[in-house]
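Visitor: The structure that follows is given in the form of structure tokens.
The values are calculated or read from the model by the stated rules, or taken from the named source; none is laboratory data. Here the structure is a predicted model, which means the values were calculated and not measured. All Cβ positions, glycine included, derive from the backbone under ideal geometry; neighbour counts span all protein chains shown.
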């Protein structure tokens with residue numbers, strides 16, 4: 001166990017990704033339109049706080065809340081405040097924005113420092129067709145509120161045949177805000193429950209389409225943007241104030257090298273990768289949660305020594321957000337099992353203790 005000692009300097013390189021709930025108030029066509037989730041008990045607020053505490057004790061200082069839809073978690077404000085009390089100076093959240101305008105100020109007062117908002121159409125009818133709910137005015141109000149409270153806001157736009165005619169409109173939207181609204185274009189990703197049915201297979205639009213349309217305005221030059229997400233590249237559009245991000249996991253591959261995420265599912269699965277099964281820590285002791293967190297930090301650090309250029313795009317669908325929704329076993333989720341023994345073995349093999 002000595003090889004698993006981890007100093008706070010090492011932990012500071014990582015960030016905690018918490019999937020707060022396995023459900024959402026939208027029914028997006030490219031994600032989870034049937035509202036599927038595994039019928040398991042989720043983590044309590046106190047267990048989430050314990051996980052945040054052990055991560056903080058190991059030096060982790062960044063946290064990101066996701067879902068499902070994280071604003072549906074009743075204790076979210078208290079959890080954000082707890083994270084701040086444990087030294088988390090950077091706290092972000094990905095949200096559909098539906099409930100944001102009435103709640104964001106409370107989240108910010110509690111310690112939230114950044115927000116990503118999902119929006120896939122500026123047309124009310126089309127937005128309802130994509131999300132399954134008439135929510136465009138509420139989301140727009142949430143975006144406006146976020147721009148009042150933050151210097152920059154990231155807007156997530158999932159590319160579809162249904163909305164590719166709005167790519168230029170979203171680039172113009174970023175320009176009108178002076179680049180304060182960073183539009184992140186995201187290719188369809190196959191780790192969502194809807195992909196079991198094949199209903200959106202013909203909706204795929206490659207990222208080259210965004211580049212083609214953006215360069216009609218001006219050339220693209222890559223720029224650094226805070227976030228440290230290795231699978232997102234950001235660009236300034238020449239002749240415009242627009243800032244755009246590109247997440248092209250299907251056409252370019254998912255670059256894993258440099259990833260620093262430790263993920264925790266709503267059901268208590270703790271792991272290093274969305275394509276690898278983790279350790280379940282629900283109903284375990286505080287000490288056990290700390291032991292598992294240390295092992296994962298060491299394993300994550302060792303991965304960048306073993307395979308810094310690694311990439312993946314798995315067929316695993318929904319595991320971290322919704323649990324096993326593989327249609328009662330008709331299609332099996334494929335995931336790499338990370339055993340405790342293997343975590344220690346990798347650390348020993350490379351003589352790596354996780355020290356920065």
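Visitor: Which residue out of 200, 264 is over 28 Å from residue 51 (Cα atoms), crowded, with 19+ Cβ neighbours inside 10 Å and in contact (Cβ under 8 Å) with a residue 12 or more places away in the chain?
Guide: 200
Visitor: Tell me, which residue of the stretch 203-223 that is in contact with a strand residue (DSSP E or B) (Cβ under 7 Å, 6 or more places away or on another chain) and not in a helix (DSSP H, G or I) is farthest from residue 175 (Cα to Cα)?
Guide: The qualifying residue farthest from residue 175 (Cα to Cα) is 207.
Visitor: Hey, can you tell me all the residues within the stretch 109-137 that are surrounded by fewer than 21 Cβ atoms within 10 Å (Cβ to Cβ) and closer than 23 Å to residue 80 by Cα?
Guide: 109, 110, 111, 113, 114, 116
Visitor: Follow-up question, since we're still on this one. Given the conditions (1) within 22 Å of residue 189 (Cβ to Cβ); (2) in a helix (DSSP H, G or I), which single one is not true for residue 125?
Guide: Failing condition for residue 125: (1).
Visitor: Also, I was wondering about something else. Restricting attention to the stretch 24-37, which residues are surrounded by fewer than 17 Cβ atoms within 10 Å (Cβ to Cβ) and in contact (Cβ under 8 Å) with a residue 40 or more places away in the chain? Talk me through it step by step, then tell me what you get.
Guide: Quick first cut of the stretch 24-37, residues surrounded by fewer than 17 Cβ atoms within 10 Å (Cβ to Cβ) only: 27, 34-35.
27, 34 - these are the residues of the stretch 24-37 that are surrounded by fewer than 17 Cβ atoms within 10 Å (Cβ to Cβ) and in contact (Cβ under 8 Å) with a residue 40 or more places away in the chain.
Visitor: Would the stretch 163-185 turn up any residue that is farther than 19 Å from residue 97 by Cα, at pLDDT below 95, touching a strand residue (DSSP E or B) at 6+ places or on another chain (Cβ under 8 Å) and in a loop (DSSP other than H, G, I, E, B)?
Guide: no
Visitor: Examine the stretch 283-300 for a residue that is out of contact with any helix residue (DSSP H, G or I) (no Cβ under 9 Å at 6 or more places or on another chain) and surrounded by 18 or more Cβ atoms within 10 Å (Cβ to Cβ), and state whether such a residue exists.
Guide: Yes, that holds for at least one residue.
Visitor: Specify which of the listed residues (232, 259) is modelled with pLDDT under 95 and either out of contact with any strand residue (DSSP E or B) (no Cβ under 9 Å at 6 or more places or on another chain) or surrounded by fewer than 17 Cβ atoms within 10 Å (Cβ to Cβ) (or both).
Guide: 259
Visitor: If we keep just the residues of the stretch 233-265 that are closer than 20 Å to residue 190 by Cα and in a loop (DSSP other than H, G, I, E, B), which is farthest from the chain's Cα centre (by Cα)?
Guide: Among those residues, the one meeting the criterion is 253.
Visitor: Then there's this: Could you list, in sequence order, the residues of the stretch 55-78 that are surrounded by fewer than 23 Cβ atoms within 10 Å (Cβ to Cβ) and more than 17 Å from the chain's Cα centre (by Cα)?
Guide: Result: 56, 57, 58, 59, 74, 75, 77, 78.
Visitor: Out of all the residues in the stretch 138-159, which are touching a strand residue (DSSP E or B) at 6+ places or on another chain (Cβ under 9 Å) and either surrounded by fewer than 17 Cβ atoms within 10 Å (Cβ to Cβ) or not in a strand (DSSP E or B) (or both)?
Guide: Listed by number, the residues that qualify are 139, 142, 143, 146, 147, 149, 150, 152, 159.
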